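Report on the structure given below.
The values are calculated or read from the model by the stated rules, or taken from the named source; none is laboratory data. None of the values given here were measured: they were computed from a predicted structure. Don't worry about glycine lacking a Cβ; one is built from the backbone with ideal geometry, like all the others, and counts go over all protein chains shown.
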Amino acid sequence: MRQDAPLQKKFDIVYVSIYRDEIKGEHEMVLENKYREIAEALHQEFPVVDAHLDLAGELFYRKQNGEKNPLRDHYLEHLRIGGFRLIVSSVYLRDDQLPEGGLRAALDQISVLMEAIDQNEEFCLIRSVSDLEQSLQEGRIGILLYMEGLDCIGKDLSLLRILWELGVRGASLTWSRRNDLASGCCKAGEKIQIPGGLSPEGILAVEEIERLGMFLDVSHLNDDGFEDVCRIAKKPFVATHSNSQQVYFNYRNLNDSQIQRLAERGGMMGLNGCDAIVGCVNGEDPLEMLCRHAEYAAALAGIDKVGYGLDFCDSYGEAEPRYIFAQSRHDCLIDHSHVPELTAALLQRGMSAEDVKKVMGGNWIEYFRRTLP
């Protein structure tokens, strides 16, 4: 738990769901005890999945900072409390690591992540359906590795095979920037849509990703690139951490047509928990906004196509080396141990327990059962 976040207060009837020092609105959504208790029970009985966490990068920086076992010390307890059984760990590269240092930085992250898994028997690397099933049966926390952007390979598509052999099982073509394969959806902080479809190498990359058996992620991809993917891709693709533009307009979110086409092709949409993507920028209540995104996507795409892809960024900022220690906060929930609050909110607003089980993890489990080798 963050040191600057006060302890959650329990009342006779309700729980205060969002930490008070960072609430952006005048009103907080309160959760009735019965929904909180149901959610906590569901999170322990059924697998919970986060389809996007920059875990590999966080572990790399924490190791650089001299920490001996950060996976255990910073993440295990929160993941256990939240009932998480699968984490999709991205390999994200900063601008200052590109282009020359990109491949080295990616390999460093993968190496540190594998070392951390070897160090902690509660975790395991997921390479196949059998790995996933064994992990669920044994009660371990599976980690599925994917590339958040392929900047590190440049135009050398043969490196995709190397990443596959290292355990990478998914990829997005780019982050929110232009590379040799595609354009990101916007410049960070500017919210300006960047035009331009996939390059010839990007088209070949989609084909090679599908040939190898990786899943393709379109979060961060621009509209022209999305159209190209729809034209080229033959397998279900996903948006691991994107919300609805209709609920809150941001180029990082998907419009209605994109959500529908993603769902029609058997893909999945992961609910992002970052305030600028959720729309908590002018005093909106975080839990209410998260629920609105989940409910809208479920109504549009179908309840079987929605899950959690929380993209918690504050822990990455805490891990990253910095000279100035003051840090702004952007996550709508404190950490993974507080995700049952979101589940409770969905229940309280009328979503059935059966549907909630799908959203909190069941849908992602079924998707990876279909797509992993």
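Tabulated data
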| item | result |
| --- | --- |
| The range 82-113: number of residues that are on the phi < 0 side of the Ramachandran plot and either surrounded by fewer than 17 Cβ atoms within 10 Å (Cβ to Cβ) or not hydrophobic (A, V, I, L, M, F, W, C) (or both) | 18 |
| Cβ pairs under 8 Å, 6+ apart, first in the range 127-139 and touching a residue at least 60 places away in the same chain (Cβ under 8 Å) and hydrophobic (A, V, I, L, M, F, W, C), second surrounded by 14 or more Cβ atoms within 10 Å (Cβ to Cβ) and in a helix (DSSP H, G or I) | VAL129/PHE368; LEU132/ILE365; LEU132/PHE368; LEU136/ILE365 |
| Search result, residues across the range 270-297 that are in a loop (DSSP other than H, G, I, E, B) and either basic (Lys, Arg) or touching a Ser or Thr at 6+ places or on another chain (Cβ under 7 Å) (or both) | ASN272 |
| Where a residue in the range 200-213 is under 14 Å from GLU165 (Cα atoms) and its partner, wherever it lies, is among the basic types (Lys, Arg), with Cβ under 7 Å and at least six apart | LEU212/ARG161 |
| Lone unmet requirement of (1) on the phi > 0 side of the Ramachandran plot; (2) modelled with pLDDT under 95 for GLY213 | (2) |
| Options LEU204, LEU212, LEU198: the member that is out of contact with any Lys or Arg (no Cβ under 6 Å at 6 or more places or on another chain) and more than 18 Å from GLU148 (Cβ to Cβ) | LEU204 |
| Sole residue being among the charged types (D, E, K, R), surrounded by fewer than 24 Cβ atoms within 10 Å (Cβ to Cβ), under 17 Å from HIS52 (Cβ atoms) and without any contact (Cβ under 8 Å) to a residue 60 or more places away in the chain, chosen from ASP331, ASP335, ASP314 | ASP331 |
| Residues satisfying the stated conditions in the range 118-136, i.e. surrounded by fewer than 19 Cβ atoms within 10 Å (Cβ to Cβ), in a helix (DSSP H, G or I) and touching a helix residue (DSSP H, G or I) at 6+ places or on another chain (Cβ under 9 Å) | GLN119, VAL129, GLU133, LEU136 |
| Flag if GLU122 is free of Cβ contacts under 8 Å to residues at least 60 places away in the same chain and more than 30 Å from GLY184 (Cβ to Cβ) | yes |
| The range 137-180, subset charged (D, E, K, R) and either within 16 Å of ALA51 (Cα to Cα) or outside any helix (DSSP H, G or I) (or both), residue nearest to the chain's Cα centre (by Cα) | GLU148 |
| Hits in the range 215-225 - residues which are part of a helix (DSSP H, G or I) and within 16 Å of LEU150 (Cβ to Cβ) | GLY225 |
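Quick grid of which residues meet (1) crowded, with 18+ Cβ neighbours inside 10 Å; (2) under 23 Å from HIS78 (Cβ atoms); (3) touching a Lys or Arg at 6+ places or on another chain (Cβ under 6 Å):
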position	(1), (2), (3)
GLY267	yes, no, no
GLY273	yes, yes, no
VAL278	yes, yes, no
ASP285	yes, yes, no
LYS305	yes, no, no
PRO321	no, yes, no
GLU341	yes, yes, no
LEU372	yes, no, no
